[in-house]
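No lab work stands behind these numbers, since they all come straight from the coordinates. Bear in mind the structure is a predicted one, so any value in this text is a computation, not a measurement. Cβ: placed from backbone, ideal geometry, glycine included. Neighbour counts: every protein chain shown.
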Amino acid sequence: MEAFLSRTPVFLSLLGLLILATLGLVILFPPIAPVPMLIAIVLWVVCKAPLRHSVLVLLALAFWSDLASEVPYEGQWKSPMYWPGKLLFINLNNVTGVPGLGFPLLDIAVLGLLALSIYRRATGMKIDPPPVPLPKPLVWALILVPVTIAWLQVWGIFINGGNSRVAQWQWHQMAVLPLMVWLFSSAIRGPEDFRVLGRIIVIGCFFKAFLGAFFIVTIARPRGLYHEYATTHSDTLLYVTGLMVVITAFLEQPERKTFWRMVMVCSVIFMGMHYNDRRLAYATFNICMFMAYFISPWSWVKRYSTRAGMILLPLMPLYLTVGWQSPEGIFKPVGIFKSLIEGENLEKGQMDYRDMENFNVISTWEKRPILGTGWGHPFDEVMKLPDISHAFEDYLYHPHNSVLGLLAFGGVVGLSGLWMYLVVTVFLAVRAYHRAHPPEYRAAGLVAVSVVVAYTNQCFGDMGSISWLGTLLIALGVTCAGKLATVTGAWPGLSSKTATADNSNETGQPLGSPV
């Protein structure tokens, strides 16, 4: 690429295009006239740098910026991280005012970096080292995702006459996901990059936690504003992943350093979760901890935790009984659990919007349980919902419960094709966990399982399938689980000698037999 750009005719041609584009924007759209020059500088840097560096920067920007497409801070405030998030996650025609750019910058970044990777490999350039391959079952499960999307597009639009405009946004993020895994697999070297990925996620949690607390304490409360959330619903996935990064690091390496790091990071993230006020975050975190408990072996931490639980178990019925009647103070967790079971409006004699919506989506699925309706169709309003089209025009095409939504639109066949890779990911992550020796590898296996739990829980509770943050995290979790399985020998991919060398301690010696 560098040699190609250094040719004089090519360089002069590109320079001419840059000048013409800048002059054209000066005449037509003056506010964005510097953009071509900025794009040229960024492209030059990206073409010179290793793919790994570019992908890590992209992930940092995505995790640290506000998820502008989900209206952070309920539109009452624009944080310093809002504008990067707006460029990344909102269609560029809405950002720049230039018609025809009906896609976010994140799409361009993923496709552009993927094209750069393919070009470098095709021309034999040595900038990037050979990537650790993903297990073949995972690759085939990921290929099944676009195949299923295409089938549901044909079934829903061309056979059943659905709305093609709406259909695109029913499957867009799911279609980008395999491309993200391909890109991350090409850029991330393997377990040696897990530490920097964990730091990027934790720093993102810190950004969201402090910005959310600042908004609630200094802006919302003094003005008497009602706030349903601080940052966004999807930040639940980031918070839970950040918690599991430091908690699993301590569980696998229970030392004073990892303990105090866990305490410090968890205190900040729990503050962010408190101000973001999403019940799903606490439910998801608890499920992730249960998964880690059942997967992990009997360490001293697990033994002491189990003994403490057995001692407190007789008090649980009393705690639940009191908390069910008065869910305040130390009994507030019971109130959260109660609201998940009964809904928030039951005491007022009203049925929750979510319960009504779920009833309608299930009714839609029951009509075509095997193949569903296909993309481009709304769910049936068997029970009439309040009209929220003023806030969300296509609300009948995007139920809050994405799992039931995928069943309604794709049936059992569609959901199986779209989510088979999640089953394979958990299988590989758990298998790799029990064959990994370094504690960092084992912690990464637990985090990968936690990401799948957080993603599926978010899909079940709040439109996770169309969340950019969820898509990025699950793509990263899938990639790490696949590479970990290959490196540890949990699935054949590397030679046994290479896998043994990678799955060893600092002295290069294996740390014992698999669990």
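Modelled spin labels at V423 and W44, positioned 7 Å past Cα toward Cβ, are 5.2 nm from each other. In order along region 394-400, the Karplus-derived 3J(HN,Hα) couplings, from 6.51 cos²θ - 1.76 cosθ + 1.60 at θ = phi - 60°, round to 9, 5, 6, 9, 10, x, 4 Hz, and Gly and Pro are given as x.
How much net charge surrounds P297 when only the other residues with a Cβ under 15 Å from the Cβ of P297 are counted, with Lys and Arg +1 and Asp and Glu -1? Don't skip to the end; give the middle numbers.
Working: positive: K302, R303, R431, R435, R442; negative: E252.
That works out to +4.
Neighbour counts of other Cβ atoms within 10 Å put E440, E381 in the fewest-to-most order E381, E440. Shown for V265, V217: other C-beta atoms within 10 Å of each C-beta, ranked fewest to most, produce the order V217, V265. Note on Q253 and L313: the extension gain reaches 18.9 nm, defined as 0.36 nm multiplied by sequence separation minus the Cα-Cα distance. A viscosity of 1.306 mPa s and a temperature of 10 °C, combined with the Kirkwood radius over Cα pairs in Stokes-Einstein, give a translational diffusion coefficient for region 53-166 of 91 µm²/s.
Cβ crowding within 10 Å ranks W64, W44 as W44, W64, fewest other Cβ atoms first. Fully extending the segment from V154 to F294, taken as 0.36 nm per residue of separation minus the present Cα-Cα distance, adds 46.2 nm. Size of region 126-217: Rg and Dmax of its alpha carbons, in Å, are 19.1, 53.
Pop the C-beta distance of V147 and M351 into the FRET formula with R0 = 45 Å and round what comes out to the nearest 0.05.
Values: r = 39 Å, r/R0 = 0.86.
The calculated FRET efficiency here is 0.70.
Rounded to the nearest angstrom and listed largest first, the equivalent-ellipsoid semi-axes of region 203-278 from its Cα gyration tensor are 28, 12, 8.
Pairs with C-alpha atoms separated by more than 30 Å, drawn from the list K257/K302; K78/K257; K86/K332, are K78/K257; K86/K332.
Label separation (V98 vs Y119): 1.8 nm, computed from points 7 Å beyond Cα along the C-beta direction.
Please state the shape class of region 139-278: rounded when a/c is under 1.5, otherwise prolate if a/b exceeds b/c and oblate if not, all from the C-alpha gyration tensor. List each step's numbers first, then the result.
On the way: a/c = 3.45, a/b = 1.38, b/c = 2.50.
Because a/c hits 1.5 or more and a/b fails to exceed b/c, region 139-278 counts as oblate.
Compute the separation of the alpha-carbon centres of region 123-177 and region 212-276 and state it in Å as a whole number. Cα centroid of region 123-177 versus Cα centroid of region 212-276: 33 Å apart.
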